[in-house]
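The structure appears below as structure tokens.
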């Protein structure tokens, strides 16, 4: 798949002549194949060089904590909100003009980090084997007997763990544990990750799965007839949790102005179009398009269905893993 599509290249061609030779250091939990092209476009537009250290989000969060105020990082770009919440005390408060570019649901209430792209939690299913009136209305309903042996589940997936952590915060550990035991009781089809879950449904090995919205767009980009569809739960249900990849400026940074310029770029038209058109995530600044059509869920639909939940509460991933183990899913 062409990572940087002509649409983005055309927009990048409008960039101004580079102005400076500044440099910033970015710790990126987002994979290099996904974000390297848009980082390069930022440098083309501004002249600001970005030195990137790639790694796992959790790994980089631990490294930042170990480095403390001595860290060379100016920015931390995390794949998930759990890491952002963990590092929040190390972030500087962002300018209000930057914060105002996204809705409150996509940023830290204290102004320390901000979402760069969104991914909605929802259900995917086989439109050939699951009737519309059979779809679950709520996330809790996924444990229903009608899904016995039919639900794909990736219990070690980071987004699933974060989602269950949100469930613990919203409904308590006892409820979350019973829900997890309910999933185990219906004999789910265990898969290694969300990509494998999509393929399992396409191959007839499973019929339904709780996952993120953007995977289907990637499959449809390669095969317009990929036999999987998406749906949300009822509006406001925690199953529709809108999570984000997000970024913050380290308090220890000596390049806060340039680092903030990078964040503002990520929230602008070129980058938001890139995230939606190439990575198949949702925009957070109201700019960009969502190319998944027909079998997809639009940004407006996902945003309207999302629950009111403070993403900063998604922190205790280890505690959630313990519950998943106790439920017998791993």
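The values are calculated or read from the model by the stated rules, or taken from the named source; none is laboratory data. The model shown is predicted, which means the values in this text are computed figures rather than measured ones. Cβ coordinates were reconstructed from backbone atoms using ideal geometry, including for glycine residues, and neighbour counts include every protein chain displayed.
With (1) within 24 Å of residue 79 (Cα to Cα); (2) out of contact with any helix residue (DSSP H, G or I) (no Cβ under 7 Å at 6 or more places or on another chain); (3) in contact (Cβ under 8 Å) with a residue 24 or more places away in the chain as the list, and residue 145 as the residue in question, which single condition is left unmet?
Here residue 145 clears every test but (1).
Conditions tested, residue by residue: (1) within 25 Å of residue 87 (Cβ to Cβ); (2) modelled with pLDDT under 50; (3) in the same structural domain as residue 83 (by TED's automatic domain parsing).
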{"residue": "10", "(1), (2), (3)": "no, yes, yes"}
{"residue": "17", "(1), (2), (3)": "no, yes, yes"}
{"residue": "24", "(1), (2), (3)": "yes, no, yes"}
{"residue": "30", "(1), (2), (3)": "yes, no, yes"}
{"residue": "33", "(1), (2), (3)": "yes, no, yes"}
{"residue": "38", "(1), (2), (3)": "yes, no, yes"}
{"residue": "41", "(1), (2), (3)": "no, no, yes"}
{"residue": "50", "(1), (2), (3)": "yes, no, yes"}
{"residue": "53", "(1), (2), (3)": "yes, no, yes"}
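Of all residues in the range 66-105, which are closer than 19 Å to residue 28 by Cβ and modelled with pLDDT under 95?
78, 79, 80, 81, 82, 83, 84, 85, 86, 87, 88
May I ask you to verify whether residue 156 is out of contact with any strand residue (DSSP E or B) (no Cβ under 7 Å at 6 or more places or on another chain), in the same structural domain as residue 197 (by TED's automatic domain parsing), at pLDDT 95 or above and closer than 28 Å to residue 324 by Cα?
Spelling it out, it is not the case that residue 156 is out of contact with any strand residue (DSSP E or B) (no Cβ under 7 Å at 6 or more places or on another chain), in the same structural domain as residue 197 (by TED's automatic domain parsing), at pLDDT 95 or above and closer than 28 Å to residue 324 by Cα.
Among the residues of the range 134-183, write down those that are part of a helix (DSSP H, G or I) and under 18 Å from residue 206 (Cα atoms).
Correct list: 134, 139, 141, 142, 143, 145, 146, 147, 160, 182, 183.
Residue 287 passes all but one of (1) under 21 Å from residue 100 (Cα atoms); (2) modelled with pLDDT under 95; (3) crowded, with 21+ Cβ neighbours inside 10 Å; which number fails?
(3)
Report yes if residue 124 is in contact (Cβ under 8 Å) with a residue 60 or more places away in the chain and in a strand (DSSP E or B), otherwise no.
Taking the combined requirement at face value, the residue satisfies it.
How many of the residues making up the range 184-201 are in a helix (DSSP H, G or I) and in contact (Cβ under 8 Å) with a residue 40 or more places away in the chain?
Number of matching residues: 8.
If residue 279 satisfies every condition in (1) part of a loop (DSSP other than H, G, I, E, B); (2) more than 15 Å from the chain's Cα centre (by Cα) but one, which is the exception?
For residue 279, the exception is condition (2).
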